[in-house]
1. Residue under question is G664, and the condition is that it be outside any helix (DSSP H, G or I) and not hydroxyl-bearing (S, T, Y); does it hold?
2. Residue check, V169 against (1) in contact with a Ser or Thr (Cβ under 9 Å, 6 or more places away or on another chain); (2) outside any helix (DSSP H, G or I), all met but one. Which one?
3. Look at L247 and say whether it is more than 27 Å from K347 (Cβ to Cβ) and crowded, with 18+ Cβ neighbours inside 10 Å.
4. Quick check on my filter: what residues within the range 198-212 are buried (at least 19 other Cβ atoms within 10 Å of the Cβ) and either in contact (Cβ under 8 Å) with a residue 60 or more places away in the chain or touching a Lys or Arg at 6+ places or on another chain (Cβ under 6 Å) (or both)?
5. Could you check the range 595-615 and list, in sequence order, the residues that are surrounded by fewer than 21 Cβ atoms within 10 Å (Cβ to Cβ) and under 18 Å from Q665 (Cβ atoms)?
6. So T284 ticks every box in (1) in contact (Cβ under 8 Å) with a residue 24 or more places away in the chain; (2) in a helix (DSSP H, G or I); (3) more than 37 Å from the chain's Cα centre (by Cα) but one. Which box is left unticked?
7. Under 6 Å between Cβ atoms, which residue pairs at least 6 apart in sequence (or on different chains) link something in the range 84-111 that is of a type outside the set (S, T, N, Q) with a partner that is open to solvent by 80 Å² or more (accessible area, probe 1.4 Å)?
8. If the requirement is being at pLDDT 90 or above and on the phi < 0 side of the Ramachandran plot, which of these qualifies: K783, K708?
Amino acid sequence: MTALIAAAAVLTLVAGAAFAQSIGELSSEISSLQGQMGSAESSESTANDVISRLDRAEGDFAKLASGGKADKSALIPLYRELESMLNRMVTVYAKKKDDCITTIDNGGQCDYDQPEQLSLRAAYPLSWLRFQAATTLFDDNAEESKKLLNQAIDGFTASTLAMPDPNLVRENTLGRAYCERELGKFDHADYDRAIADFKKIMDDGTGTQQYKASEQGLSTTYMKMGKPDEALKYGGGATNTGGGQMLQLQTLFAAEKATSDAGKKAALHRQIIDVMKTKENDKTGWAIDIAAGSKYGGNAVEEFGNSSDPFEKWLLANILLNRKDENGAAKYYAEAGASGKYPKGYKFAADIYLRQKRYDEVESLLSRIAAGGGGDAQWAEYMKFSLVHSRWEQGGSKDKALEDQWVKDAQDYLQKYPKGEHSAEPRFRLAERLQHQGNYVEAAKMYADITGESEFSYTAKFNGAECNYLALVNAGNNKDKNAPKVDTDALRKAAIDGLVATVKMEPEVERNTPPASRKFVHDTRGRAIYMLAGLLEQQPTIDYAQIGPLLKDFETSYPGMNDRFQDVEEWRITALDAQGNYAEVERDVRSLVEKNKNNMAQSDFIKGLGLDFWKQAQMAQNIDQKRYLENAKLTAIAYSYFSDMVAAGKIPVKNLTGTLSILGQADIALGDVGKAETIFNQVVKADPASPDANAGLARIAQAKKDWKTAVTMWTNVESTAAESDNLWYEAKYQLAVVYHEQGNTAESCNKLAATRAEHPSLGTPVMKAQWDTLQRKLCLDHKE
């Protein structure tokens with residue numbers, strides 16, 4: 001507590017002070033203690049633990065209350081609870097001590113030492129708690145503040161009388177002196193009492209733990225009394241503590257302000273400067289110097305501005321900035337920079353002028369910094385570029401003169417510092433300009449030179465890949481035979497490599513990026529994944545093992561790319577299907593159908609997807625039975641979308657004859673002949689001339705050995721299908737088969753021979769092979 005009080009002024013002025021507990025944590029601790037108060041009243045061991053925790057809670061409360069911006073509305077209820085619990089421990093164990101003494105007086109035996117110690121242990125933090133509340137929470141309530149300070153004095157005084165230990169006596173005397181000093185603003189006689197108590201502690205010698213705090217307390221008391229010369233005797237000496245440094249400077253400033261003697265004033269001013277210079281390279285000490293100069297320095301320009309000492313110019317600039325006087329701060333930062341001792345003064349001045357958009361001032365300073373050739377010269381060259389580029393962007397990127405200037409400044413920087421600390425951004429902006437101009441190949445080369453951990457390296461990696469991608473697209477679209485030859489394979493490889501690198505880099509980049517920029521980083525990865533998948537889809541041999549995992553959960557991860565979801569779904573589903581990951585494909589297709597119920601906009605996409613599944617099934621039919629059946633199943637799931645649309649009256653059957661016929665064929669493959677027959681009959685009813693539906697019914701009849709119906713249906717196909725349609729040949733072939741089954745082999749052979757004579761190719765090689773086999777079996781071999 002002694003250290004806390006000594007440093008209180010510093011805590012309110014020096015930025016960055018950290019507190020051990022938040023208000024919420026302190027509230028939680030107090031609530032936890034409330035539940036143990038009953039046990040603490042009856043058990044001395046529990047009381048010992050509870051009082052220790054209350055003591056720590058009081059220390060945490062003091063830190064929060066003295067933090068400069070204390071939340072009084074939140075802290076006052078906590079103070080009331082904490083005071084009540086400490087007072088309860090004091091009262092309970094004081095009574096137990098008194099009862100014990102009464103027992104002894106009546107001839108009994110009793111040890112009152114432990115209850116007395118517990119009561120005193122609780123009284124000490126209670127007194128400090130009341131002092132802290134009086135000076136922070138109730139500092140604007142004179143009556144409450146005086147009441148608490150007097151209660152604290154009573155507690156400290158009682159403890160000094162009961163404690164034999166000299167160190168504890170001094171601690172309580174110090175607490176009482178602090179309270180008396182605060183009461184002095186209501187009654188000046190209390191200042192005298194405080195001075196007497198501080199001196200009483202100091203009389204025990206400089207080696208005590210309380211000496212330095214008492215000396216500082218004495219100095220502040222004299223300061224409050226308006227006696228800076230007396231304060232200077234105790235607070236003007238060297239000190240190693242933050243609170244002592246602040247007190248020392250406060251005392252010196254007050255003494256300087258109070259004297260009219262020019263010589264004495266100059267000596268005190270020099271003493272102030274000498275003290276401050278010792279802390280120039282100490283971050284905390286320098287912050288205290290600036291805080292003290294800002295709070296106690298009066299007219300800082302008059303105090304420090306007329307000196308030729310560069311240190312005073314530097315100090316004054318910092319003080320003025322602390323006082324929010326940016327114009328004054330910039331002026332003296334520039335003067336400190338001109339001295340040569342503080343080159344960063346130019347930089348700080350430039351930052352201020354830049355915020356104020358005083359570009360002429362900034363450019364003048366940057367030129368002076370660059371010309372100096374020091375450590376900030378490179379920064380100045382970069383800032384010349386950055387400033388103009390920012391102005392160009394803020395103007396909508398339309399000012400040609402500004403554009404020409406930033407391009408020149410970027411090129412100048414890269415010529416002087418090709419591997420410089422700030423080289424990434426000028427190079428990135430030049431590459432970006434080339435990209436916007438459509439010079440993708442040169443832009444990609446420049447992007448490739450941006451490496452390392454620069455904030456631009458991730459975007460440069462993606463942009464370079466995108467440029468190679470766009471150059472590849474342009475090469476494919478260029479129909480000019482006289483155009484220069486382009487190595488499309490090299491462009492494709494560079495684009496793929498760049499996109500792969502972008503996707504791999506992104507997670508770590510996103511983790512290390514400030515929250516405001518993380519969405520951009522994340523969305524860039526989504527664009528990279530989409531382009532990469534598209535390129536892989538165009539490869540002569542498609543790497544489905546790479547595409548499937550790449551596109552996993554794409555829709556949920558990158559909702560902003562919803563206009564590309566159809567492509568993504570198709571690529572992912574196709575990749576999973578090709579790899580035989582049928583469970584995942586089925587999950588995705590069912591989800592697709594479910595979420596697009598009654599959504600006509602998706603009908604063409606789902607139709608194409610189902611057709612792809614059916615083609616895969618047909619290709620695998622005589623090669624891989626599992627693949628055939630799985631793709632037939634996927635076809636049925638996809639096309640259930642259309643059967644649902646028909647059932648809901650959204651699409652008429654006549655508009656879906658081909659699609660529903662494929663669904664019927666898929667159902668047959670899956671063994672659901674009844675469902676297939678219902679679908680084919682629906683189609684034939686809507687369109688009697690549908691070759692696909694008639695063929696479906698013909699196959700079902702043929703499987704049932706219903707030869708009459710089969711002949712009718714295949715005849716319908718023969719008369720309605722185009723000669724270019726494979727179904728036309730299948731109808732003639734199947735009619736020959738059925739004629740033979742009906743016992744009319746001669747008619748069968750005539751059918752086969754006549755068709756072969758008129759159409760020797762027989763449609764497809766597969767059909768021709770089937771035709772040869774059947775004709776040889778029924779007609780040629782039979783004749784032999």
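1. no
2. Failing condition for V169: (2).
3. Yes: the conditions hold for L247.
4. Scanning the range 198-212 gives I201, Q210, K212.
5. Matches in the range 595-615: K607, G608, L611, D612, K615.
6. (3)
7. Correct list of pairs: K97/Y112; C100/Y112; I101/Y112.
8. Going through K783, K708 in turn, the sole match is K708.
The values are calculated or read from the model by the stated rules, or taken from the named source; none is laboratory data. Because the structure is a prediction, the values reported are computed rather than measured. Counting neighbours? That spans all protein chains shown, and the Cβs are built from the backbone with ideal geometry, glycine included. Note: accessible area is taken over every heavy atom of the protein model, side chains too, but ligands, DNA and RNA are not part of it. Shrake-Rupley method; radii C 1.70, N 1.55, O 1.52, S 1.80 Å.
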